[in-house]
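What follows is one structure encoded as structure tokens, with my remarks underneath.
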Number of protein chains: 2
Amino acid sequence: MCCVTKPSQELLRSISDEHVLRSLMASRRQTRAELAVTTGLSKPTVGESVRRLVELGLVADTGERTQGGRGRGRVGSFYSLADVGVALVVMIAPGGVTAECVDAYGDVVSRSHHPIADPAEVAGVLPVAAVEAVAGRQVRLAVVSAADPVDRHTGRLVQLPDSPFLVGALDPVEVLRPFLGGPVIVDNDVNWAAQAEHVASGVADFAYLYLGEGLGCALVSDGEVRRGHSGLAGEIAHLITIGPSGVATPFIEVFGELGLRQTGSTAIDVARLLAADDEVLSVVARAIGGVVTALVTLADPAVVVVGGPWGPALLDLITTGPRAVAVAAASVREPSLTGARADALSRLRTALVEASRG
Amino acid sequence: MCCVTKPSQELLRSISDEHVLRSLMASRRQTRAELAVTTGLSKPTVGESVRRLVELGLVADTGERTQGGRGRGRVGSFYSLADVGVALVVMIAPGGVTAECVDAYGDVVSRSHHPIADPAEVAGVLPVAAVEAVAGRQVRLAVVSAADPVDRHTGRLVQLPDSPFLVGALDPVEVLRPFLGGPVIVDNDVNWAAQAEHVASGVADFAYLYLGEGLGCALVSDGEVRRGHSGLAGEIAHLITIGPSGVATPFIEVFGELGLRQTGSTAIDVARLLAADDEVLSVVARAIGGVVTALVTLADPAVVVVGGPWGPALLDLITTGPRAVAVAAASVREPSLTGARADALSRLRTALVEASRG
DNA sequence: ACATTCTAGTTAGAGGGCTTGCCTACAAAG
DNA sequence: CTTTGTAGGCAAGCCCTCTAACTAGAATGT
């Protein structure tokens, strides 16, 4: 079903250009001869493609010449991507806002972090972090991770009944629009964390269970994070599970009944939970077991990855219901940022390829 | 990311051929001039493409000539797909086995149905139904719907603990292999039913809840049925929900506690359930509500479609938990067969396009 | 009866992209 | 100073698609 486009010479040309561009992204600084080898195209074709891409401003002669210890032979010109723009990666968490710029090679070229004490500061800090990270660079798109549910269509943070609202009401699309000339992609931090685990592990079907101040979950099916109709997939606070007395109870209320929620908030008190005695923890684990059973029966994951501040600590207590499924602790550090960064890189590269098509 | 292939003239040619082939599938019997219009290609290009496809045996001159009341002008030759093979669609249900052949136009060209009284008869009846439907035709692939969980990798029917095993142990791939020269795709009837609803409604994200002798569910995310790692996604019999007394209980056991399971079997007694009084039905509905809450929180569907022998009857009693989500009765008739047929057609067409690439 | 009109299909040529093969430029090694 | 080996350019050929013009042939109209 691939390529529903019309057959034309222009299509061939753009495919050649894509090969050259992606090869330069994979290893910068290549001569035309090297490009011909890495892309599998012929030398004249690569020469033409490079000429076009230089003219478009996407590729530039670095000025460097070969001969650097590569034996005899005529000097060659090194080409690399021109100053072609970056992707902005933003992580909005209750503890602070982080902004990064990633270039098409996947390198983080700038970074800015602002701790905050109160969610209300986000609106003020976000533009500051963004402007510091951007620092005048051309930004082609932005990818945002936020610690709250995200509306898939608008990109706004939404508050669900009775679930902790850590970051607070915010429209990242609107706030970031002045900094860039492209799309702003917003998603939940748990979804990005799952994306990072997916990239790291290569597993196509798994569930990511996040246990922290908030309760979240992400589902990866057929190699993609599935966000659902509104982007609220995995908001498991109200999933029915086994309560302390055995009565069917919404997941989040289990913590209320156990006195493990922060006073005056819907968030879970992580410190108190980790300090709880074995009896309480076994009740918590049984509730988690009910949630994992739902994950397993509905999504059939190859593995349930558990992350978050207190999730991995209870790993050994978690059962998966009647079907035996592996349970593992999350392995990626800074998972949300890593996942968002990976997505930003992939989108930036695709955007450049699109740009080469005019 | 489309088209990672090498740029070559052959690629253009194959794209042209694909356009011509798919146009002939959409409306058979076209002259070269009509094909040029429908595909958007030029007349000489279409002429060459048709010549190649005729040579490959995929397209044939029908012998018919135009002039049928279409005014003056030179007579043209009508072309259509040659005798190019069919797809076999098989539905294996507790009540019987149905086999159909579908051609590349989407027409059912043959059909055979064999009722059975006992699941043990499937193994004997399946080859008979298949041979009757096939009747000597060239079969390029088979798509099978079975009323039991299907192992995604082997295509075998698997028995899960304590869930009704309606069709019984069977390896449809092995049984059907003698009848065809291509792949055999096997999946759960509920997944196919969801596929049919997806085609009919066009909704990209929804859940399909099947309530019959067995309990099943299918999830459609981003426009595809998601089967999970082993193909067991949606096997909800053991999902924890609200039991008759309020205690957290596996879904299937709710029916056991209410005395609604068939004696000596794990299946639900549909007749008795439909005849039950309101109090029992409200308990059932509350249990379903727990399941739907799990569906909604985990998958975030745009709508929950309810199908099966007794599902739609309880439609008004079903609640969706804290998030309001539409609940609707399934609308497609013969949903499993329809969904399997649609998939078979799509695969057959793709197979023919592949064949044109040699 | 014969010219007109209109459509199906073919032919000719141009444009352009990719490849192979060969050539030039040029630096390091001997 | 010659040899060797690499970067890059040039020319020819192939082949795919397109446009434009042309041929074939039947219905219409006078």
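Numerical summary
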quantity	calculated
Near pairs, Cβ below 9 angstrom, 6+ apart or cross-chain, from segment A:71-88 (under 19 Å from A:Ser27 (Cβ atoms)) to any residue that is within 12 Å of DNA strand C (Cβ to nearest atom) and hydroxyl-bearing (Ser, Thr, Tyr)	A:Gly76/A:Thr66; A:Ser77/A:Thr66; A:Phe78/A:Thr66
Residue pairs meeting the criteria (Cβ under 9 Å; at least 6 apart or on separate chains; first within 24 Å of A:Ser27 (Cβ to Cβ), in segment A:99-123; second aromatic (Phe, Trp, Tyr) and surrounded by 14 or more Cβ atoms within 10 Å (Cβ to Cβ))	none
Boolean, A:Leu21 is away from DNA strand D (no atom under 13 Å from the Cβ), away from every other protein chain (no Cβ under 14 Å), within 30 Å of the chain's Cα centre (by Cα) and under 25 Å from A:Ser346 (Cα atoms)	no
Selected residue (criterion: nearest to the other protein chains (Cβ to nearest Cβ)) from residues of segment A:294-303 that are surrounded by 24 or more Cβ atoms within 10 Å (Cβ to Cβ) and over 11 Å from A:Phe251 (Cβ atoms)	A:Asp300
Meets criteria (touching a helix residue (DSSP H, G or I) at 6+ places or on another chain (Cβ under 8 Å) and assigned by TED's automatic domain parsing to the domain that holds A:Val125) for A:Val108	yes
First in segment A:42-65 and under 16 Å from A:His19 (Cα atoms), second anywhere and within 11 Å of DNA strand C (Cβ to nearest atom), Cβ under 6 Å, 6 or more apart	A:Lys43/A:Ala36; A:Thr45/A:Ser16; A:Val46/A:Ala36; A:Ser49/A:Ser16; A:Ser49/A:Asp17; A:Ser49/A:Val20
Pairs where the first residue, in segment B:323-342, is free of Cβ contacts under 8 Å to residues at least 40 places away in the same chain and the second is part of a loop (DSSP other than H, G, I, E, B) and buried (at least 21 other Cβ atoms within 10 Å of the Cβ), C-beta under 7 Å, 6+ apart	B:Val325/B:Pro301
Some residue of segment A:113-132 being assigned to a loop (DSSP other than H, G, I, E, B) and under 12 Å from A:Ala344 (Cα atoms)	no
Residues (part of a loop (DSSP other than H, G, I, E, B) and either touching a strand residue (DSSP E or B) at 6+ places or on another chain (Cβ under 9 Å) or under 15 Å from B:Glu34 (Cα atoms) (or both)) located in segment B:72-103	B:Gly73, B:Arg74, B:Val75, B:Gly76, B:Ala82, B:Asp83, B:Val84, B:Gly85, B:Gly95, B:Asp103
Within segment B:230-259, tally of residues that are more than 14 Å from chain A (Cβ to nearest Cβ), touching a residue at least 24 places away in the same chain (Cβ under 8 Å) and not aromatic (Phe, Trp, Tyr)	1
Number of positions in segment B:1-18 that are more than 8 Å from DNA strand D (Cβ to nearest atom), charged (D, E, K, R) and surrounded by fewer than 20 Cβ atoms within 10 Å (Cβ to Cβ)	1
Among residues of segment B:308-326, those that are under 16 Å from B:Glu197 (Cβ atoms) and away from chain A (no Cβ under 14 Å), counted	4
Residue check for A:Gly223: under 16 Å from the mean Cα position of the chain (by Cα) and facing another protein chain (nearest Cβ under 9 Å)	no
Breaking point among (1) touching a residue at least 24 places away in the same chain (Cβ under 8 Å); (2) facing another protein chain (nearest Cβ under 9 Å), for B:Val4	(1)
Selection from segment B:37-53 of residues that are away from DNA strand C (no atom under 11 Å from the Cβ) and not hydroxyl-bearing (Ser, Thr, Tyr)	B:Gly40, B:Leu41, B:Arg52, B:Leu53
A:Ser23 being assigned to a helix (DSSP H, G or I), closer than 28 Å to B:Gly40 by Cα, in contact (Cβ under 8 Å) with a residue 12 or more places away in the chain and outside the structural domain of A:Gly106 (by TED's automatic domain parsing)	no
Hits in segment B:1-15 - residues which are within 13 Å of DNA strand C (Cβ to nearest atom) and in a helix (DSSP H, G or I)	B:Gln9, B:Glu10, B:Leu11, B:Leu12, B:Arg13
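Results for (1) of a type outside the set (Gly, Ala, Ser); (2) within 14 Å of another protein chain (Cβ to nearest Cβ); (3) in contact with a helix residue (DSSP H, G or I) (Cβ under 8 Å, 6 or more places away or on another chain), shown as yes or no for each residue.
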| position | (1), (2), (3) |
| --- | --- |
| A:Leu11 | yes, yes, yes |
| A:Ser16 | no, yes, yes |
| A:Ser42 | no, yes, yes |
| A:Arg52 | yes, yes, yes |
| A:Thr62 | yes, no, no |
| A:Ala99 | no, no, yes |
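The values are calculated or read from the model by the stated rules, or taken from the named source; none is laboratory data. Remember, predicted model here, so these are calculated numbers, not experimental data. In this analysis, Cβ positions are derived from the backbone assuming ideal geometry, glycine residues included, and neighbour counts consider all displayed protein chains.
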